[in-house]
1. Mind listing just one residue for me: the one in region 518-534 that is hydroxyl-bearing (Ser, Thr, Tyr) and crowded, with 22+ Cβ neighbours inside 10 Å and, of those, farthest from the ligand (Cβ to nearest atom)?
2. Collect the residues in region 429-464 that are within 15 Å of the ligand (Cβ to nearest atom) and among the hydroxyl-bearing types (Ser, Thr, Tyr), keeping them in residue-number order.
3. Quick check on this structure: which one of ASP573, ASP590, ASP579 is part of a helix (DSSP H, G or I) and under 18 Å from PRO296 (Cβ atoms)?
4. I need a count of the residues in region 535-591 that are over 24 Å from the mean Cα position of the chain (by Cα) and charged (D, E, K, R).
5. Among the residues of region 166-186, is any under 23 Å from LYS344 (Cα atoms) and either of a type in the set (A, V, I, L, M, F, W, C) or in contact with a strand residue (DSSP E or B) (Cβ under 8 Å, 6 or more places away or on another chain) (or both)?
6. Can you tell me which residue in region 465-516 is farthest from PHE678 (Cα to Cα), limited to those that are of a type outside the set (Asp, Glu), free of Cβ contacts under 8 Å to residues at least 60 places away in the same chain and away from the ligand (no atom under 16 Å from the Cβ)?
7. Counting only residues that are among the charged types (D, E, K, R) and touching a residue at least 24 places away in the same chain (Cβ under 8 Å), which one in region 638-697 is surrounded by the most Cβ atoms within 10 Å (Cβ to Cβ)?
8. Just a yes or no: is a residue in region 250-262 in contact with a Gly (Cβ under 9 Å, 6 or more places away or on another chain) and among the aliphatic types (A, V, I, L, M)?
Amino acid sequence: MTTDILHDNPLLDFSGLPRFDSLTPEHVQPAISKLLADCRALVDLLTSDQVTASWATFAAPLADGFEELSRAWGVVVHVHSVNDIPAWRDAYNQMLPEVSRFYAEVGQNLKLFAKYKSISESEEYASLSEPRRRIVDHEVRDFRLAGAELPEDRKPRFQAIAEELAQLSAKFSENLLDATNAFAEVVTDEAELQGLPDDARQAAREAAAKEGKDGWKFTLHMPSYLPVLQYADSRRLRAALYRAYATRAAEFGAPEMDNTPLIRRILELRREEAELLGYASFAEVSLVPKMAESVPQVLDFLRDLAVKARPFAERDIADLRAFARKELGIDEMEAWDVAYVSEKLLQARYAFSEQEVKQYFTEDRVLAGLFRVIETLFGVCLKPDSAPTWHEDVRFFRIETPTGELVGQFYLDLYARETKRSGAWMDEARGRRRRRTASLAAETDTIQTPIAYLNCNFSRPVGERDGKPRPATFTHDEVITLFHETGHGLHHLLTRVDELGVAGIHGVEWDAVELPSQFMENYCWEWSVLPGMTAHVDTGEPLPRALFDKMLAAKNFLSGMHMLRQIEFSLFDLRLHSDFDPTGDRSVLDLLAEVRREVAVIVPPAWHRFPNTFLHIFAGGYGAGYYSYKWAEVLSADCDGAFEAAGNAFDPLTGKRFLDEILSVGGSRPAIDNFRAFRGRDPQVDALLRHSGMITA
Ligand code: ZN
């Protein structure tokens, strides 16, 4: 049995496309166990003293061995996320700890580090291609940041810090969740529900009934909290929920759920970790593997954006206050009124129905529009292709050059299913690389073309039209999501890099990886594209211009205010991890107040405890990295700005340059160099401001 399952195990067949038609959960354990054992043996072999540290004798065979494991495990991860039935879940969960343990071992293997380091210091290094040098540099960097170069007597302390930080992060999010769950407001007077949508009322009613109570129960979880803040006419209800939400995990509640002491401790430990590694601050450590070059550069970037967005944010606030006074009888707009007043003003100014818009975005038309954008911009052809898949709804396509050469292939799994993970994502089935195969006659080079999975959770077609199934229709947000994930897919598929470790999205800096995805989103707001990718499901009419104008206005509604808020969070995060002393007299709240004095247009009440709920930076891996959101938006808008400057959203030369300098280069060159090569200068914020309706001449 065991021999059979290894002999013809689809997970061990790397000759072509994944064999989803013959793959079963029983294949997982034998295949992954074998590959893990192979990889461990390979690591032992390659780290032995007999093996010379060179690209050909060490780095290349290691990458080959690891690729098989990551491809096979990638298939398992993928099936688990798109076909999460019990048998697959069990197969996945059985092997997950083993796979995680293996990668953790590799990350701590100092012999591997020593070999990479010797390559980086060898004469060979200078003669390696740029992509190969990048791969070696990344390996050395990652081992260093994991403490590999510390003196032996410092290593235990470094390890202890890492462990305590992991515990503190986990506790931080547990506290926040517990504090969120600890609050409920049960309303017994129906009059207080005025303004709330029916589904929110119904959910609150059911929540109360579940506990055997009369009335309507509201909580601090988003689906309950948000509708109250946005729609409830009762100012008392809004204020009560707002205060509870803003003071979670703080000193006002149960002491064991208070995140205040954890924040100080996390900041202290991060600073100590940075000092051990030889950096002045944790922010500096955080920036090492990122595109941004220094803390002052990011501070300048955020401040520049803040100054330019400020007049628009001030106008937004003035509009809201005036509308609240005149139309809603709210003389002093408080923090708990902002979402409510915003919603009312949005309705008054730009009311349109999402449902109406949705009728125009029919599936075939949207896909045809998307494909045309890609073909026109990047000079490739997209064609239907065939492959074994994991579900009958999945489609498969190929990308070719105009002369018919295969560039890459992708699966498209559009519809939601009960067994599919939520959200939308791109994942890779296979990366691009050059392979050298030797036969008796000669050595030949072949290119392994990349393959991607594009996954969404859109509604499947329902009903019939003229005896045929009515096509699926998508909301505009869903169309944007599709373009976004396709952008990630193109980054993976259109790469021309021959080394797996820096091909496509591999090795791309964290704060630059959203550039192609957000760039593609721009085309969902491009009027020259929309008539061609819309057709009303009943009449076939394209999207009317008047409706598009309303959508655009709604998109940019209060954009100045929202931008300043993101900048406030980013500046606070960065300064907290650079110039703030966690052992000094000043509190985290003092720093936040200072940041707000500099950039905010709305100052929340003094009892607001935002830091205690800032999961991204204390428990989500975004420490000194929250700025990345705005950073990537600026980059992608600025790239789009190059097409605007050329006067054509499909300007062929600009498209070719975007492909040559950004998409196809992947992680083989620093992202800032890619950007400069494409744009001819450093990133500027003006295009983003323009796209957000904040016109700067
Ligand atoms: Zn993304």
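1. THR534
2. Matches in region 429-464: TYR453 only.
3. Numbers: ASP590 fails: under 18 Å from PRO296 (Cβ atoms); ASP579 fails: part of a helix (DSSP H, G or I).
It is ASP573.
4. Of the residues in that region, 10 qualify.
5. So far as region 166-186 goes, no, none of its residues is under 23 Å from LYS344 (Cα atoms) and either of a type in the set (A, V, I, L, M, F, W, C) or in contact with a strand residue (DSSP E or B) (Cβ under 8 Å, 6 or more places away or on another chain) (or both).
6. GLY467
7. ASP640
8. Initially, region 250-262 is screened for residues in contact with a Gly (Cβ under 9 Å, 6 or more places away or on another chain), giving none.
Scanning region 250-262, I find no residue that is in contact with a Gly (Cβ under 9 Å, 6 or more places away or on another chain) and among the aliphatic types (A, V, I, L, M), so the answer is no.
No lab work stands behind these numbers, since they all come straight from the coordinates. Small disclaimer: the values here were computed from a predicted structure and weren't measured. Every residue, glycine as well, gets a Cβ built from its backbone with ideal geometry; the counts of neighbours run over all protein chains shown.
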